[in-house]
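Structure record follows, encoded as structure tokens.
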Amino acid sequence: MHVSSEIPPLKLVVVGHVDHGKSTLIGRLLHETNSLPDGKAEAVIAMSERRGMPVEWAFVLDALQAERDQGITIDTTQIFFNTEKRNYVIIDAPGHKEFLKNMVSGAALSDAAVLVIDAKDGMQEQSRRHGYILHLLGVRQVAVVINKMDLADYREERFQELTTEIRNYLSELGLEASAIIPVSAREGQGLISAPDRMPWYQGPSLVQVLDAFTPPVLPTERPLRLPVQDVYKFDERRIIAGRIESGRIRTGDTILISPSNKKVTVKSIESWNTNAPALSASAGQSVGITLSEQLFIERGQMISHEANAPVETNVFRARIFWLGRKPLEVGKRYKLKLANNEQTVEVQSIETVIDVENLTTHSGDTLERNAIGEVTLRARAMLALDEFSDNPKTGRFVLVDEYDTVGGGTIFMEGYPDQRSRTDVRSTNITAVEHRVTPELRAHANGHEGGVLWLTGLSGAGKSTIAIELEQQLFAKGYQVYVLDGDNVRFGLSSDLGFAPEDRVENIRRVGEVAKLFASAGVLVITAFISPYRADRDRARSIAPDLFHEVYVAADVATCEGRDPKGLYKKARAGEIKEFTGVSAPYEEPVTPEVTVDTADRTANESVAELMAYVEENFSLVKRNGDGR
């Protein structure tokens, strides 16, 4: 059989529980499609005869002597075969749970999958885990083979029973099998033609299902993603090298370098041993480019077009399959490998642990080996990445611990914003005005310094109650004081914003700038905002670092929900409010606040008294100097 080499082969991963017959299936499939090298079939037959056993087609894939001795596949094996319609690359992934990371590696490279289920043993835990991993990795073309039907006497009843169970499980994952095919790989039944020993089956053969899969398409229509692999000096040129993961790049394009946010023009696309320079390149190509100006660019940065830039963030959520011998724990740090970027990340939280047997979820502080969970990871530096659903190439990663790959995952940003800077000054021909009334003069006139008391905490923690009472008591003592409250601000300053993560970011940015103006005018500003993201509070602090004082109004979700003064938790639980902090959106507790007041076990008056003492100690000139104004 001959298929045009111009058509890219479909990458097919074969997965399933150990001993369910994957290697036998592949070996017999290669034989039936005449894809074995000359003499290979005869060698397998002779080897089986020497061992006094029926023909064992699994020997076709045995590349390691250890595999023959143990009778299990211990590494992914890639082998080419073809049908009359197309070429394939089969990735045989191990079923034994000890080698799950190899299965993950194989599935991550695939365009489609074959899930093999033993007709006698049925769905096993590892079968379910493999199905879930296919779901996590975005493999949507899945054929299910019910193998070893000869051991079930080719009974239709057993096939229908397993078909119902398999379809139910996959549907809960959001997957739909392209077909469920009864086969006997050892006997060659159902692989390339209708199985004559199962006349009750009127569906397609395995090869017919594979040939009907959508052919692989390079992601050229997705936004440009070119992770920088290295920078080389060649002649007088500095060549930025890397592999285009998606999209296209052309000479003359204006590109964005993330996360440094530098813009530059592509001067040339370098090529070797060609008569003319390349004018464009697309996904799948490894390229070198030169730029119109010299910029500091390093390995791991991401090249894109400005109009469709990747997400820039130092915190994201992920669905992780954990492979480490030691459990994944909150607070532990690992090396994250994302495209060509390597950064240290810390496990900020584990939201859920997923039971792959019944797809239920539960909370937990650890993720044990071979478990799957949803976690939040925080990096020390900003990362350029994509949600997996938007771009699988730059939306998945691996975690490394002491040189061992211990986990892999896919990225989603639910509840977290894109932190790409939106604070660049766009106005032109402007000059900052210097005030003649200095902060020192204002403080002397007021008897206290200006500043920002930034109250943060969950809804219902008591921020507004404390802020309003604190304002009244400070005013009575002669302070120039004003409260910026979250709800009040949204009637005016932020009336155009909703509660999506990006809107929350912009709301806090505006409040930070307004608070700075108040504080610079000598006013003590008290802000009462949930401000759930640590990065936003850090950004507000950076606006006026000497004036900013973070106050964590601490109360857990259960306490706040028990109070529920505005009925918001009730609405959030009923699904009437989307992305509600503490229920369906994250809240990141302050790490080192200047003050923490725990309102779960103290009254509002006690909290206000503590803050009054803090203000007197840190802002009052009378208290500090003891000599009045």
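Laboratory data are not the source of any read-out in this text; all were calculated from the coordinates shown. What you are looking at is a predicted structure, and each value in this text was computed from that prediction instead of being measured. Counting neighbours? That spans all protein chains shown, and the Cβs are built from the backbone with ideal geometry, glycine included.
Provide the percentage of antiparallel DSSP beta bridges, counting only those with both residues in segment 439-625; round to the nearest 5.
The antiparallel proportion sits near 5 percent.
If you wrap a convex hull around the alpha carbons of the chain, what volume per residue comes out, as a whole number of Å³?
Considering the Cα atoms of the chain, their hull volume per residue is 206 Å³.
Name the lysines eligible as straight-distance cross-link partners of Lys332: C-alpha to C-alpha under 28 Å, and not fewer than 8 places from it in the same chain.
Answer for Lys332, where 28 Å is the Cα cut-off: Lys97, Lys101, Lys393, listed by chain and number.
What ranking do Ser178, Ser542, Ser260 get, fewest neighbouring Cβ atoms within 10 angstrom at the top?
Listed from fewest to most nearby Cβ atoms, that is Ser542, Ser260, Ser178.
If I stretch the segment between Arg369 and Asp404 completely, what's the gain in nm (0.36 nm per residue apart, minus their alpha carbon distance), one decimal?
Result for the pair: 11.2 nm of gain on full extension.
Per q in 0.15, 0.25 Å⁻¹, report the Debye log10 I(q)/I(0) for segment 493-539, using one uniform scatterer on each alpha carbon and no solvent.
Calculated log10 I(q)/I(0) at the listed q: -0.39, -0.95.
Taking θ = phi - 60°, what integer Hz values does the Karplus form 6.51 cos²θ - 1.76 cosθ + 1.60 yield along segment 394-401, in sequence order, with x for Gly and Pro?
10, x, 10, 8, 10, 10, 10, 10
Please report, in Å, the Rg and the Dmax of segment 439-625, where both are computed over Cα atoms only.
My reading of the Cα-based Rg and Dmax gives 16.3, 55 Å.
What length, rounded to one decimal in nm, is gained on full extension from Ala558 through to Ala500, with 0.36 nm per residue of separation minus their alpha-carbon distance?
Length difference between fully extended and current span is 18.5 nm.
Once the piece of chain linking Arg380 and Glu346 is laid out straight, how much longer is it, given 0.36 nm per residue of separation minus the C-alpha distance between them?
11.4 nm
So if R0 is 30 Å, what FRET efficiency would Lys570 and Thr596 give, r being the distance between their Cβ atoms, rounded to the nearest 0.05?
0.60
Specify the longest stretch of the chain that does not include any exposed loop site, a site being one of the chymotrypsin sites (Phe, Trp or Tyr not before Pro) with a non-H, G, I, E, B DSSP assignment and at most 10 other Cβ atoms within 10 Å.
1-271
Binning at 5 angstrom from zero up to the longest distance, how are the C-alpha pair distances of segment 226-308 distributed in percent?
In whole percents, the pair-distance histogram is 3, 15, 29, 31, 16, 4, 1, 0.
For segment 179-193, what does the Karplus curve 6.51 cos²θ - 1.76 cosθ + 1.60, with θ = phi - 60°, yield as ³J(HN,Hα) per residue in whole Hz, taken in order and with x for Gly and Pro?
With the stated coefficients, segment 179-193 comes to 6, 10, 10, x, 9, 10, 4, 4, 8, x, 8, x, 7, 10, 8 Hz.
Mean separation of Cα pairs under 8 Å and 6+ residues apart, divided by the residue count of segment 494-629: what relative contact order is that in percent?
So the answer I get is 21 percent.
What list do you get for Leu517, Leu611 if you sort them by fewest beta carbons within 10 Å?
In order of increasing Cβ crowding within 10 Å: Leu517, Leu611.
Determine which residues of segment 289-324 fall in the zone a paramagnetic label at Arg237 would reach in this model, i.e. backbone nitrogen under 11 Å from the point 7 Å along Cα→Cβ.
289-291
Given Ala307, Pro277, Trp200, which one lies farthest toward the positive end of the charge dipole of segment 197-356, if we put +1 on the Cβ of every Lys and Arg and -1 on the Cβ of every Asp and Glu?
Trp200
Whole percent per 5 Å bin, from 0 to the bin with the longest distance: what is P(r) over all C-alpha pairs of segment 268-399?
The percentages, shortest bin first, are 2, 9, 16, 18, 15, 12, 9, 7, 5, 4, 2, 1, 0.
Which ³J(HN,Hα) values in Hz, rounded to whole numbers, follow from the phi angles of segment 281-293 under the Karplus curve 6.51 cos²θ - 1.76 cosθ + 1.60, where θ = phi - 60° and Gly and Pro get x?
Result, ordered by residue: 8, 9, 3, x, 8, 8, 9, x, 10, 10, 10, 5, 9 Hz.
If amide H atoms are built 1.01 Å from N in the plane of the peptide, which residues on other chains or at least 5 residues away come under 5 Å of the amide H of Ala185?
Lys148, Met149
I'd like the distance between the alpha-carbon centres of segment 594-608 and segment 495-526, rounded to an integer number of Å.
24
Using 1/(1 + (r/R0)^6) with R0 = 60 angstrom and r between the beta carbons of Val330 and Asp196, what's the FRET efficiency to the nearest 0.05?
Result of the calculation: an efficiency of 0.55.
Can you give the % of DSSP beta bridges in the chain that are antiparallel, to the nearest 5?
Around 65 percent antiparallel, to the nearest 5.
Can you tell me the orientation of helix 534-543 relative to the chain, as the angle in degrees between its alpha-carbon axis and the longest Cα principal axis, to the nearest 10?
Approximately 40 degrees, to the nearest 10.
Taking the number of other C-beta atoms within 10 Å as the exposure measure, put Asp230, Asp118 in order starting with the fewest.
Lowest count first: Asp230, Asp118.
Hey, can you grab everything whose amide H is under 5 Å from the amide H of Ile577? Only 5+ residues off in sequence or another chain; H modelled, so Pro and N-termini drop out.
Answer set, sorted by chain and number: Ala572.
For His305, enumerate residues with amide H under 5 Å from its amide H, sequence gap 5+ or separate chain, H modeled in the peptide plane.
Leu224, Leu256
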